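Read-outs: derived from the displayed coordinates by stated rules, not from any lab. Everything numeric here is computed off the predicted structure, so don't read it as measured data. Ideal geometry is used to build each Cβ from the backbone, glycine not excepted, and the neighbour counts take in all protein chains shown.
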Amino acid sequence: MENEGLKRYHRQILLEELGLEGQQRLQKSSVLVIGAGGLGCPLLFYLAGAGIGKIGVMDGDTIEESNLHRQVIFQQQDIGKNKASTAVERLNLLNPTLQLQAFPFHISPENAAQYVADYDLIIDGSDNFPTRYLVNDTCVALGKPLVFGSIFRFEGQVSVFNHQGGPNYRNCYPEAPASQDSPNCGESGVIGPLPGIIGSMMANEAMKVICGFGDGLSGKLLIFNALNNDMQLYNIQPKNQVGQDKQAAKPNPKKAIVYEEIFPKELLEWEENKVEYCLIDVREAFEFEEKNIGGIHISLYDLEARIDELPFQSRLVFCCTSGAKSRMATKIVGSKRTEELFVVSLLKQ
């Protein structure tokens, strides 16, 4: 490594866990970032600053004024330009020593394998479920590790998938919710600093994967709440532990735990048939106060600590806004209790 490179990266080379060997690994590595939006902007800055040798940026969107409060790589005069191309221009100004390439289009089933195959590590900063599942499935097929992040209102999630035999995204979220049940930032809003926090965490995980230091998030899901600074770390259950076949997931007293996912229509049928159940709302307190849909309110972040308060003699029906938190709730309960349970994730209010 030339003296100029040593000077640029001197502060992180001083770290015993990284050192010169780690810096050389970073410079020899290649990373493809899917999405140059709220998450992609901060993580791209830190990846380029850290000296990742080859960075690809894929995004077919154009910059809008509503992006600027959180997508800090862009400026007012960039409105109307492609995000990937503009991001690469900014990264070149920060670190012209890197090999940077913009892909000014969206990833698709037709091109995913071609572009994913060219990189050592994939980072998914997209904002929709079809892209997340496409990226995950392509990484699984090609054996590529995947750093994942997502944001929604005041909440962010980070994990590492498909790394050294660890679980993949589908082990955490087996199926995507219906499109009408998964609002994006444009519909639900997001606080500006949150993607900066989560994007920085994603960049940190990427460096750990490449260099092999620290305790990474493979097999774990980190959830951060910007409202109360609460941070939770959940273990992702092994493959097939949560039943995916609804036909096979009917109540059966011989099974210790039965999982199911239902929609409100099915819940109404339960009520008509006088099936007893207990509804547990795992949304945040402010969401519960804004719209009380009945049942017991226990925030997902408090569920593990308050698990003994649940009426386990009844069927437990967890509900939230999109279905993501209720899925997590079923996993938390399943990991903490061993008696016969019938736990349900309600996919839509």
(message) Quick check on packing: order 229-235, 309-315 by the mean number of other C-beta atoms within 10 Å, highest mean leading.
(response) 309-315, 229-235
(request) At 7 Å along the Cα-to-beta-carbon direction for both Val140 and Asn273, put a label point, then send me their distance in nm to one decimal. (result) 3.1 nm
(request) Assign one of three labels to the range 67-187, namely rounded, prolate or oblate, based on the Cα gyration tensor with a ≥ b ≥ c the square roots of its eigenvalues; rounded applies when a/c is under 1.5, prolate when it is not and a/b is larger than b/c, and oblate otherwise. (result) oblate
(request) Could you work out how far the C-alpha centroid of the range 53-103 sits from that of the range 295-328, in angstrom? (result) 40 Å
